[in-house]
Ligand code: IPE
Ligand code: MG
């Protein structure tokens, strides 16, 4: 969800205004995903590296996160949305951690869209924490570890790998998002800022996705055989 700050600046507004508008965009995208029966929506809200921002912006974002969790939980319940938060919680306030736990617990049995918010998340952090957990769990098998052995310990072990990655804001990079899980994901980049991204723009990205041929290392001719 990139481009909030620049979007606001262009309108002579403070960066945090862009973050507020970003929440509105997220609400619209969640609603559209729900309508389309998308199974999993994962959004990058705050990266491990975003702590490097000016203290006022960081503290505004933390406050916004707390406030949005608090105000949206009812709506999520009503809409059968299951909420998950991935990332390190070590630097969050006790109040925020309690709110996260509460929101996850309350929505755990919901069977609709699974919404994951990545906050203080980094793909490198994820792979490192999973490796530690695997080592702790099965140190004696170290020499025989396979990539599949790591998967149960990754933060998104409850979800399939993403089909489509969308980055708004004009940059064409992953910025330490789901590094492991994006191995075969289709990557979609748009110059639109996140506050400008909504239902119609989501549909455009999905139409683009539908034109991709996903070969997962095979050749084109093999795909129709597989489907037969
Ligand atoms: C994305 O927008 C939101 C967060 C990372 C919290 P930015 O804040 O990165 O906005 P730009 O990229 O500076 O415009
Ligand atoms: Mg940015």
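Taken together, the values in this text are just the output of simple stated rules run on the coordinates, not laboratory data. Just so we're clear, the structure is a prediction, and the values are computed from it rather than from any experiment. Heads up, the Cβs are rebuilt from the backbone with ideal geometry, glycines too, and the neighbour counts pull from every protein chain shown.
Observations, loosely collected:
- Shape call, region 2-47: gyration tensor on alpha carbons, a/c limit 1.5: prolate
- Relative contact order, percent, the chain [alpha-carbon distance under 8 Å, six or more residues apart]: 25
- Prolate/oblate/rounded label for region 29-166 (Cα gyration tensor, a/c 1.5): oblate
- Förster radius 22 Å - calculated FRET efficiency between residue 173 and residue 212, Cβ distance, rounded to 0.05: 0.65
- Taking each residue as 0.36 nm, the span from residue 151 to residue 67 lengthens on full extension beyond its C-alpha to C-alpha distance by 27.0 nm.
- Helical content alone sets the calculated 222 nm signal of the chain at -14500 deg cm²/dmol, taking -39,500 (n - 2.57) per DSSP H segment of four or more residues and averaging over every residue.
- Global geometry of region 167-228, whether rounded, prolate or oblate, following the gyration tensor of its Cα atoms and the 1.5 cut on a/c: oblate
- Spatial separation of Cα centroids for region 166-226 and region 28-87, in angstrom: 21
- Using a Förster distance of 22 Å, the FRET efficiency for residue 9-residue 191 (Cβ separation, nearest 0.05): 0.90
- Relative packing of 65-76, 90-101, which averages over residues the other C-beta atoms within 10 Å, highest first: 65-76, 90-101
- Residue ranges 51-59, 124-132, 138-146 sort as 124-132, 51-59, 138-146 when ordered by packing (mean number of other C-beta atoms within 10 Å per residue, highest first).
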